[in-house]
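*Asks:* Before I ask anything, here is the structure I am working with.
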Amino acid sequence: MNNKFKIVVLAITALVAIVTYINPVFPREQFLQQAGTVLLVALLLYDLRKRWFSNLAFLGIALFLMLHLVGARYIYSYVPYQDWLQCLGDWECLHTSRNHYDRLVHLLFGVFLFPALVEFSRLRVTSRQVMAVLVAWLLVQAGSLIYELFEWGLTLVLSPEDAEGYNGQQGDLWDAHKDMALAMLGSTVAAGYYIVRSSLKRGKLFAE
């Protein structure tokens, strides 16, 4: 498999990362947000050598990483997406009291990482496509849950202001539940696509 596509995607991701660190808005909090970034970058770099993932899976990881980099710059709660979308018209639905960028990222966590998780499952867990899709779906839910537990843990060790700045709850007591629900929704849509595609391609859904 040619790595040129992946190298270009990685270069664009690096460019986005550099841009997000120009004149940082919340430098301390932005740095705190990058623990997961390091892991995803390491995975992408490792894949350049091992070639585990297809171009689609690699792109999905990179797109999610770029969304996170933008969110981290504004600690999610202050991403000015409403200003950015003004060029598309004055959409009344965008004028809400809560910043919903974090909701979008949780939804797309379940979508963009799904191809990589399916391919990982096919490689390490099962050769059956439908089972690999199920394992990938479960991994999204587990990952989402672990992340929310991590955020809860931060509230125990950080000051209330720092914890709020990282978690971006914006006063919503049910923020963690909604985030996990959106990740589940995204992964369910992605799983449905894979199952339907497998059914159409093979004629029988559970046959391999």
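The values are calculated or read from the model by the stated rules, or taken from the named source; none is laboratory data. As the structure is a computational prediction, the values presented were derived from the model and not from experiment. FYI the Cβ positions are ideal-geometry reconstructions off the backbone, even for glycines, and counts take in every protein chain you see.
*Asks:* Only one of (1) under 26 Å from Ile22 (Cβ atoms); (2) touching a residue at least 24 places away in the same chain (Cβ under 8 Å) fails for Gln82. Which number is that?
*Replies:* The one condition Gln82 does not meet is (2).
*Asks:* May I ask you to list the residues in segment 115-129 that are among the small types (Gly, Ala, Ser) and at pLDDT 90 or above? Walk me through how you get there before you give the answer.
*Replies:* Start the filter on segment 115-129 by keeping residues that are among the small types (Gly, Ala, Ser), which leaves 116, 121, 127.
Within segment 115-129, Ala116, Ser121 qualify.
To keep it simple, each residue is scored yes or no on (1) in a helix (DSSP H, G or I); (2) among the aliphatic types (A, V, I, L, M); (3) within 19 Å of Ala116 (Cα to Cα).
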position	(1), (2), (3)
Val19	yes, yes, no
Glu29	yes, no, no
Thr37	yes, no, yes
Leu40	yes, yes, yes
Leu45	yes, yes, yes
Gly60	yes, no, yes
Leu65	yes, yes, yes
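*Asks:* Taking Gly89 as meeting all but one of (1) at positive phi; (2) modelled with pLDDT of 85 or more, write down the number of the exception.
*Replies:* It is condition (2) that Gly89 fails.
*Asks:* Okay, next question. Would you mind finding the one in Leu94, Leu104 that is more than 20 Å from Val19 (Cα to Cα) and at pLDDT below 90?
*Replies:* On the way: Leu104 fails: at pLDDT below 90.
Going through Leu94, Leu104 in turn, just one is more than 20 Å from Val19 (Cα to Cα) and at pLDDT below 90: Leu94.
*Asks:* When you check Gly60 against the structure, is it at pLDDT below 95, within 16 Å of the chain's Cα centre (by Cα), closer than 23 Å to Leu104 by Cβ and not aromatic (Phe, Trp, Tyr), yes or no? Break it down into steps so the answer makes sense when it comes.
*Replies:* On the way: at pLDDT below 95: no; within 16 Å of the chain's Cα centre (by Cα): yes; closer than 23 Å to Leu104 by Cβ: yes; not aromatic (Phe, Trp, Tyr): yes.
So Gly60 does not fit the description; no.
*Asks:* Another question about this same structure. So Ile75 passes all but one of these: (1) of a type in the set (A, V, I, L, M, F, W, C); (2) closer than 26 Å to Val8 by Cβ; (3) touching a residue at least 24 places away in the same chain (Cβ under 8 Å). Which condition number does it fail?
*Replies:* All conditions pass for Ile75, except number (2).
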